[in-house]
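Worksheet: one structure, shown below.
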Amino acid sequence: MTSTLPLVAAQAAPRQIGEPLAAFAAEVADALEARPDARLVVFPELHLFGDDSPDRQRTEALQAAAEPLDGAFVAGLRAIARDLGIWLVPGSICERGPAGELFNTELVLSPTGGIAGSYRKIFPWRPHEPYDPGSAFATADLEQTRVGLNICYDAWYPETTRQLAWMGAEVILNVVKTTTPDREQELVLARANAIVNQVFMVSVNCAGPVGRGRSIIVGPEGEVIAEAAGAEPELLTAELDLSAVARVREHGTAGVNRMWSQFRPGEAPIHLPVYDGRIDPATWTPQHRSPRSTP
């Protein structure tokens with residue numbers, strides 16, 4: 001039996017910092033009406049951290065809103081996921097780190113109200129963003145698949161998606177807050193990252209008047225599954241065929257390209273001076289997901 005992941009990608013305008021979470025809970029419930037069988041709902045980067053219109057992302061406001069992941073704000077988000085019985089990505093939040101850092105952190109919340117995964121943005125959009133960079137890639141295991149966590153500008157660095165795919169991610173959740181004309185290039189990157197790693201890409205941008213919209217869901221051969229034509233609020237729905245990743249990797253993109261099977265046993269490593277590292281054929285193959293209980 002083919003396993004699938006029905007989802008909703010919510011292209012929505014940011015909510016203001018400090019707005020009661022009851023309004024967001026209603027927004028999530030409304031999103032589910034677009035696809036009642038959805039198991040996953042994804043919102044854009046910093047969806048709950050808007051600051052006026054257009055959003056200026058004032059450092060002072062973001063700093064003041066930051067909390068650790070065990071704080072009351074995240075507890076409220078966990079309750080929303082639990083009450084609705086879904087996997088929820090509420091975009092990303094302002095996380096206060098243990099040494100006072102300000103992180104831009106993506107969360108995956110489980111249907112039981114647990115934190116299934118968290119990721120601190122490794123590539124803040126400098127010099128425009130005030131966040132401290134994270135230092136670790138992250139995935140989260142849903143019932144039938146592993147998702148990779150990725151925030152906006154991360155997608156411009158191919159190493160991020162490659163690493164997540166190597167870690168076993170079949171679906172990359174790229175939450176975005178692009179307010180600038182380069183959303184056009186990001187659409188190309190979403191398809192390119194899907195193609196060269198043979199994964200699904202879910203790139204969810206915020207709506208106008210703050211964001212440029214044009215959210216997109218891409219399959220593991222680069223095919224567009226769903227796409228928002230403009231910046232207006234829109235709910236993209238899809239049912240991802242999770243067997244497609246294994247099928248494409250076995251038979252090749254367009255029936256010919258099998259990048260994850262490039263190397264043969266015993267071949268010499270390829271040195272990568274820019275990383276002070278190497279590609280080792282012995283460790284090239286992606287990791288396999290081990291089933292685990294829901295947090």
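Note on the range 270-290: residues that are part of a helix (DSSP H, G or I) and open to solvent by 80 Å² or more (accessible area, probe 1.4 Å) amount to 4. Is it the case that E27 is part of a loop (DSSP other than H, G, I, E, B) and either without any contact (Cβ under 8 Å) to a residue 12 or more places away in the chain or not aromatic (F, W, Y) (or both)? For E27, the condition - part of a loop (DSSP other than H, G, I, E, B) and either without any contact (Cβ under 8 Å) to a residue 12 or more places away in the chain or not aromatic (F, W, Y) (or both) - is not met. Take N174 and tell me if it is within 14 Å of the chain's Cα centre (by Cα), within 20 Å of I217 (Cα to Cα) and of a type outside the set (G, A, S). In short, yes. The residues on offer are R214, R191, R162, R120, and the sole one that is of a type outside the set (A, V, I, L, M), on the phi > 0 side of the Ramachandran plot and under 16 Å from the mean Cα position of the chain (by Cα) is R214. Looking only at the range 25-76, residues that are touching a helix residue (DSSP H, G or I) at 6+ places or on another chain (Cβ under 7 Å), modelled with pLDDT of 95 or more and more than 18 Å from V202 (Cβ to Cβ) come to 6 in all.
Scanning the range 1-24 for residues that are among the small types (G, A, S) and in contact with a helix residue (DSSP H, G or I) (Cβ under 8 Å, 6 or more places away or on another chain) yields S3, A10, A12, G18.
When we screen E227, E250 for residues that are among the acidic types (D, E) and closer than 30 Å to P14 by Cβ, the only hit is E227. Where strands (runs of 3 or more DSSP E) fall entirely within the range 167-253, those with at least 2 residues that are touching a helix residue (DSSP H, G or I) at 6+ places or on another chain (Cβ under 9 Å) and open to solvent by 50 Å² or more (accessible area, probe 1.4 Å) are at 224-227, 234-241.
The values are calculated or read from the model by the stated rules, or taken from the named source; none is laboratory data. This is a predicted model, so every value here is computed, not measured. Heads up, the Cβs are rebuilt from the backbone with ideal geometry, glycines too, and the neighbour counts pull from every protein chain shown. Remember, those area values only see protein heavy atoms, side chains included, never the ligands or the DNA or RNA. Shrake-Rupley method; radii C 1.70, N 1.55, O 1.52, S 1.80 Å.
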